[in-house]
1. Could you work out, residue by residue across B:156-167, how many beta carbons of other chains sit within 10 Å of that residue's beta carbon, and then give the average as an integer?
2. Taking 8 Å as the Cα distance limit and 6 or more residues as the minimum spacing, I'd like the relative contact order of the range A:25-88 as a percentage.
3. Under 10 Å from the Cβ of B:Leu64, count the other residues' Cβ atoms, weight Lys and Arg +1, Asp and Glu -1, and hand me the total.
4. Once the other residues with Cβ under 10 Å from the Cβ of A:Asp154 are scored (Lys, Arg +1; Asp, Glu -1), what is the net sum?
5. Averaged over peptide A:68-78, how many Cβ atoms belonging to another chain are found within 10 Å of each residue's Cβ?
6. Quickly rank B:151-158, A:69-76, A:54-61, B:52-59 as a protection proxy: mean count of other C-beta atoms within 10 Å, highest first.
7. Antiparallel as a % of all DSSP beta bridges within the range A:110-212, to the nearest 5?
Amino acid sequence: MTMETPPPGGDLTGSDLNGGDLAGDDLPGDDGIGGSGYSLDELSDYLDRGRLPAIAAIDDNAECQSVLSSLERVSALSRDLIAQDAEDNPTVDESWLGALFASISQEAKAGRDIPLASPDPRTRLSITEGAVRELVRAAGDSVDGVLVGRCQLDGDVDSVGDSIRVSISISVLLGTPVHEAAETVRQRVYSELLSHTELTVEAVDVTVADVHIMLPGGDAS
Amino acid sequence: MTDLAAASDELLAQRSADGDTVAFAVLVRRHGPYLRAFATRLTGSAADADDAVQEALITAWDALSSLEDLAKVRAWLTSIVSRKATDRIRRRKPSSELDEQRMDDLGRGPEQRAIASSQLAALADVLAALPEGQRQCWVLKEVGGYSYDEIATELGVAPAVVRGRLARARATVISEMEVWR
């Protein structure tokens, strides 16, 4: 049972049941395209296999070559069509976006609870790992020409004063002095963690993983 | 103020995996139009496409940290959109009336078909005129890059059905597009 709309005058299930036998379904005669012995569908399969292993009866047949290039062309056009559709409608609807962001869960990304010292023994204070990562990102991003990528906190954070190692990857704007930028990031992240958390920061490792450029439209590098 | 719009997909995906909604919004704005276009051609319905893309992005947000090659985020998002869109297709009641209505969302209407002004417009019309199941298989294979077996799984039909639909779609598309060579 399929949801197919039957093509006019065609028997859908008849050839569907042929399974692997696909030779000549859509073609007049039995000797295939250009007398090569290969059907349109077999040529398509050949294309899907990257024309390997090479079949001389296809490669040396002008009509087959023409059909292969037609197949490639409509395939490329199909991808172009979607790209064109996207270009024609380049903006996302704000209410749609709003609904999306109302549905995604922040909690899933909050990570561990990192305890903070409390002046009142009856009260437990903590900051989430996610919030600490946000601090780290903001500190790194505040450096000119720097975007923070991944941010990882390694080490136990079960009790106040536990020591951690922070690893972050950054991308720098093309032309930004890399060493200087990385060092500034390291310092800012360190001092930000010092003033807003009670973690003992053993080290801040900064990896420059990428270089980005500003395009006129502000688009991706 | 840093401009995340300049960031690579990989960096945005890393930040999103770490819980940065602002970075995720940049990714969504960047790839949303493509995902929507893909889902619209696949489902034949702009409304279904919007819902499928939204569901896919909610799933993606939760699953981002498990994605190994973050630079390939668009291809990964497209695969989730395919799944959500084909879920919708499978849930639909088969109804030729509805199908015809959906067809009108695509292409540019039959009266304009004869005067398609470009190859792309012509292809849009040809695809819109295909029976729905054929068009779905075509989009999944040629744009999504899926194998026959993968398409069969996604659409919940036998691989032989996919093969048959693609054979028909291929014959139609090739012959209709012949004049544009």
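Coordinate-derived values only; no laboratory data. All values reported here derive from a predicted model rather than from experimental measurement. Here the Cβ is made from the backbone with ideal geometry for all residues, glycine too, and neighbour counts use every protein chain on show.
1. Average neighbour count from other chains, rounded to a whole number: 6.
2. Value for the range A:25-88: 27 percent.
3. 0
4. Result for the neighbourhood of A:Asp154: -2.
5. For peptide A:68-78, the averaged partner shielding equals 6.
6. B:52-59, B:151-158, A:69-76, A:54-61
7. So the antiparallel bridges in the range A:110-212 amount to around 50 percent.
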